C-alpha cells in the first residue's frame with residue numbers, strides 16, 4: 001500500500017466516524033458544529049494518532065476514537081480563532097468561516113460544543129477502556145488547555161501588540177500548534193498501552209516543521225490555494241518567516257523534518273508511514 | 001450542625017480546591033480564569049454533588065473533585081454568556097464581567113480554558129478512580145454539551161427573536177439551567193458508586209425551582225442586590241415570569257420545591273440537608 005493509499009484509509013475512517021459523532025441531531029448547534037467539523041481538512045492530528053498507534057501494534061478502535069476527539073478540539077479552536085474578536089477571518093478550508101454562516105453567537109456555541117463533544121466522545125463512544133480513556137482525557141486536555149494550545153492563542157494575542165522576537169515565536173508555536181501535535185503522539189501511545197511520551201521527539205520536531213511550513217505557505221501562496229485567508233501579515237502575526245526570514249525558515253523546516261525522521265528510525269519498517277508523513281508535511285502546498 | 005454551617009463546610013472545601021486548581025500559573029489566561037472562578041457565587045452545583053454523595057455515604061474526595069469540575073463548566077458558561085455577541089452583560093457576581101476586565105478575546109479564551117480545565121481536573125486531580133472518573137466525564141459533559149446546556153443557550157438565542165411560548169421556556173430551562181443541576185446529582189451518585197440517575201427526580205424539580213426563583217428575582221430585585229445585571233427584560237428573554245406571570249410563577253416554584261422535597265423523603269435523616277437545600281433555594285434573595 002502506498003503512503004497516499006494508507007493516508008486515505010485513515011482519513012476515510014476518521015471522516016466516517018466524525019460524521020457519525022456529530023450528526024446525532026439536526027438542531028442548529030449540531031449543524032453549525034458539523035459545518036466546520038466535516039469541512040474536509042487534512043486530518044493531520046487524527047492521522048498521527050492512528051499511525052503512532054499502529055506503529056506500536058495498538059488498539060486501532062481506541063486510536064480512531066481519540067483521533068476524532070483531537071480533531072473536534074482542533075476544529076473548535078479554528079472556529080473561535082476566526083471570530084471577529086480574535087483573527088476576524090472570513091475564509092477557512094475553502095468556505096466561509098462558521099460565524100459568517102451562523103452568526104457570532106451560534107459560532108461561539110458551536111466551538112464550545114465541539115470542545116465539549118471531545119470529552120463526550122472519549123467517554124461515550126465505543127470501544128471503552130476506562131484506564132486508557134481517562135489517560136487519553138488527561139493527555140488531550142492537558143495539551144489543549146491554558147497550559148498548552150489555549151495558552152499559545154493567548155501568547156499570539158499578546159504578540160500582536162508587542163515586538164515579535166524569535167523566543168516569542170518559538171514559544172507560541174510550541175504551544176499553539178505544537179501542543180496538539182504532541183497530544184496526537186501521546187494519544188496514539190496511550191491507545192497502544194505504551195508510555196505516553198514514546199513519540200515525544202518525533203512530534204516535537206514534526207509539530208515545529210508543520211508550523212514553519214504553514215508560515216511559509218502563508219506568504220508564498222494565495223488564499224485560493226490555501227482555502228483560508230492568509231492573514232498573518234495583515235494581523236501583524238509573529239511567524240517564523242517574519243522573525244527569521246524566508247530562507248532561514250526553509251532551512252529550519254528541513255532540519256526539523258530531519259530530526260523527526262531520525263526520531264522514528266529505530267522503529268524500522270513499522271515507522272515507514274510516520275517518516276513518509278513527515279516528508280509529506282514538509283512538501284505540502286496547502 | 002446547622003444547614004448553614006454544613007453549607008459553609010462544603011463551600012470552604014470547594015473554594016480552596018478551586019483556588020488550588022486554577023492558581024497553577026500567573027499567565028494572563030489563568031488570571032482571567034481565576035477572576036471569574038474565584039469571584040464567589042453560591043457554589044450550588046458542587047454543593048449538590050457533595051450533598052448527594054454524602055447522603056449515600058460515598059467517596060467525598062471524588063465528590064469534591066467532580067464538584068470543582070462542574071463549577072468550572074458553570075463559570076465558563078457565564079463568561080461566554082456575558083460576551084457582547086451573547087447577552088452583552090457588564091456585571092456578574094457584583095463585579096465587572098470577564099471581558100470588561102480582560103477584553104473579549106482573552107475572555108473567550110478564559111471560558112475555553114475553564115471548560116477545558118474541567119476535563120483536566122477530573123482526569124488529573126486526586127483522588128483517582130479510572131472507572132468512576134470516566135463515568136463522571138460522560139455524565140458531566142453529556143449534560144453540559146450541545147444536547148444539554150449549550151443546546152439551551154442556543155434555544156435562548158432563538159427565543160430572543162421568536163414568540164416566547166410556555167413550551168419554549170420550559171425547554172430552555174430544562175436544558176440551559178436544568179442540565180447542569182441534573183449533572184450535579186449524577187456526579188454525586190457516581191462518586192458514591194450508585195446508579196447515575198439515583199437523584200433524577202430531586203434534581204429535575206430542584207433545577208426548575210432554581211430557575212423560576214432566578215426569573216422572579218430578575219424582576220423583583222435590583223442589580224445591586226443580585227450582583228449581576230437583571231437584563232432578561234432588556235434582552236427580551238423568555239422567562240417563567242414573562243410567559244406565566246409572577247403569581248403563577250410563584251405557585252409553580254412552590255410546587256417544584258415540594259416535588260423535590262418528596263423525592264428525597266425516602267432517604268430519611270440522610271436526606272435532611274438535601275431537603276433544606278431545596279428550601280434555601282426557594283427562599284434565596286440573590
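Please work out which one of (1) surrounded by 24 or more Cβ atoms within 10 Å (Cβ to Cβ); (2) over 21 Å from residue A:33 (Cα atoms) is the condition residue B:124 fails and give its number.
(1) is the only condition that residue B:124 fails.
Pick from the stretch A:243-286 the residues that are outside any helix (DSSP H, G or I) and closer than 17 Å to residue A:214 by Cα: which of them is modelled with the lowest pLDDT?
If we take residues in the stretch A:243-286 being outside any helix (DSSP H, G or I) and closer than 17 Å to residue A:214 by Cα, then A:286 is modelled with the lowest pLDDT.
Which ones in the stretch B:92-142 are in contact with a helix residue (DSSP H, G or I) (Cβ under 9 Å, 6 or more places away or on another chain), within 22 Å of residue A:105 (Cβ to Cβ), more than 9 Å from chain A (Cβ to nearest Cβ) and at pLDDT 95 or above?
Once the filter is applied, which keeps residues that are in contact with a helix residue (DSSP H, G or I) (Cβ under 9 Å, 6 or more places away or on another chain), within 22 Å of residue A:105 (Cβ to Cβ), more than 9 Å from chain A (Cβ to nearest Cβ) and at pLDDT 95 or above, the stretch B:92-142 yields B:97, B:98, B:100, B:101, B:102.
Could you grab me the full set of residues in the stretch B:18-30 that are more than 9 Å from every other protein chain (Cβ to nearest Cβ) and farther than 14 Å from residue B:75 by Cβ?
Selection gives B:20, B:23, B:26.
Please state which one of A:162, A:174 is free of Cβ contacts under 8 Å to residues at least 24 places away in the same chain and out of contact with any helix residue (DSSP H, G or I) (no Cβ under 7 Å at 6 or more places or on another chain).
A:162
Being in contact with a strand residue (DSSP E or B) (Cβ under 7 Å, 6 or more places away or on another chain) and within 12 Å of chain B (Cβ to nearest Cβ) is the filter here; which residues of the stretch A:63-83 pass it?
If the condition is that a residue be in contact with a strand residue (DSSP E or B) (Cβ under 7 Å, 6 or more places away or on another chain) and within 12 Å of chain B (Cβ to nearest Cβ), then A:82 is the only one that fits.
Output the helices (runs of 4 or more DSSP H) that fall wholly within the stretch B:34-116 and possess 3 or more residues being surrounded by fewer than 21 Cβ atoms within 10 Å (Cβ to Cβ) and touching a residue at least 60 places away in the same chain (Cβ under 8 Å), or say none.
Correct list: B:60-82.
Only one of (1) more than 20 Å from the chain's Cα centre (by Cα); (2) in contact (Cβ under 8 Å) with a residue 24 or more places away in the chain; (3) buried (at least 24 other Cβ atoms within 10 Å of the Cβ) fails for residue B:129. Which number is that?
Answer for residue B:129: the failing condition is (3).
Test of understanding: among B:5, B:19, B:9, which residue is modelled with pLDDT of 95 or more, more than 19 Å from the chain's Cα centre (by Cα), surrounded by fewer than 24 Cβ atoms within 10 Å (Cβ to Cβ) and farther than 21 Å from residue A:113 by Cα?
Residue meeting the stated conditions: B:5.
The values are calculated or read from the model by the stated rules, or taken from the named source; none is laboratory data. The shown structure was predicted, so the numbers you read here are calculated from the model rather than taken from an experiment. Virtual Cβ from ideal backbone geometry, glycine too; neighbours counted across all protein chains shown.
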